[in-house]
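Beneath this line is the structure, given in structure tokens, with notes to follow.
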Amino acid sequence: MAFYRVLALFVVCIALLVNLCFAGDPFAFFNFEVSYITASPLGVPQQVIAVNGKFPGPTINVTTNYNVVVNVRNKLDESLLIHWSGVQQRRSSWQDGVLGTNCPIPPKWNWTYQFQVKDQIGSFFYFPSLHFQRASGGYGSFIINNRAIIPIPFATPDGDITILIGDWYTRNHTALRKALDAGKDLGMPDGVVINGKGPYQYNTTLVPDGIDYETIEVHPGECCT
């Protein structure tokens with residue numbers, strides 16, 4: 001009787017070991033609804049591309065080796081692709097969100113991206129890659145953390161700060177695209193946005209009243225990434 005108990009325990013241990021050896025990497029699921037909103041990054045109401053009603057869009061925060069699944073619903077009036085800039089597509093080039101490897105998502109349709117963030121860490125971002133749409137927003141941050149068993153090659157930071165900064169025009173992407181198609185120069189950008197917000201009013205002549213600006217709180221001696 002004791003022999004059979006030991007044998008049963010041995011079989012259970014072997015089964016658990018096999019399950020651990022072949023356990024799949026975790027999945028992270030996201031739903032993106034891409035649509036137009038009215039916003040005023042530089043104090044002028046304009047059409048902006050939002051993800052889930054926000055500009056910039058939500059942050060994708062995962063750990064290396066995760067399987068990322070993003071269902072994108074296109075509520076724009078034109079086709080759409082979302083590109084995962086800097087994220088390596090290993091044996092999944094058709095998930096990269098660029099014309100040529102992906103078919104565009106038609107208006108009112110959806111597409112589910114699925115890829116693995118394999119063996120890389122860092123800060124990246126996503127954005128719409130068609131029709132000059134990035135000039136109207138639709139972008140957000142993409143963070144890949146290290147696994148606990150693989151230490152980072154520097155001291156653990158005191159916190160994470162996400163900063164998305166870039167040029168901005170008060171004309172939407174459609175108007176900008178028409179100007180380029182007509183052979184015209186776009187001229188200097190109307191300003192710079194940080195996390196979807198305009199500049200601090202450092203000069204009352206150059207920066208009008210009523211612009212919401214980004215503030216980031218840091219403390220002496222702290223290290224942030």
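Of note:
- Among 167-177, 208-218, sorting by the average number of other beta carbon atoms lying within 10 angstrom of each residue, highest first, gives 167-177, 208-218.
- Size descriptors for the range 101-150, from the alpha-carbon set: Rg then Dmax equal 14.3, 43 Å.
- Note, ³J(HN,Hα) from phi for the range 55-68, Karplus 6.51, -1.76, 1.60, rounded to Hz, x at Gly and Pro: 9, x, x, x, 7, 8, 10, 9, 10, 3, 6, 5, 8, 9
- Neighbours of Thr63 by Cβ distance under 15 Å: Lys/Arg scored +1, Asp/Glu scored -1, total -1.
- Contact order relative to length of the range 139-225, as percent, for alpha carbon pairs under 8 angstrom and 6 or more apart: 30
- Distance from the C-alpha centroid of the range 45-97 to that of the range 160-225: 21 Å, rounded to the whole angstrom.
- Computed on the range 29-114, the Cα convex hull volume stands at 108 Å³ per residue.
- Cα-based helix-to-principal-axis angle, 2-21 vs the chain, degrees rounded to 10: 20
- Given (1) 191; (2) 150; (3) 239, the label whose value is volume of the Cα convex hull per residue in Å³ derived from this model: (1)
- Under 30 Å from the Cα of Lys75 - lysines, other chains or at least 8 residues apart: Lys54, Lys108, Lys178, Lys184, Lys197
- Under the simplified labelling scheme, the Val44-Asp181 pair shows an inter-label distance of 2.1 nm, with each label point 7 Å from Cα along Cα→Cβ.
- The range 94-223 shape via C-alpha gyration tensor axes, a/c threshold 1.5: oblate
- Estimated FRET transfer efficiency (Ile163, Val98; beta-carbon r; R0 30 Å; 0.05): 0.75
- Percent RCO, i.e. relative contact order, over the chain, from Cα pairs under 8 Å lying at least 6 residues apart: 20
Laboratory data are not the source of any read-out in this text; all were calculated from the coordinates shown. Since we're looking at a predicted model, the values are computed, not measured. Don't worry about glycine lacking a Cβ; one is built from the backbone with ideal geometry, like all the others, and counts go over all protein chains shown.
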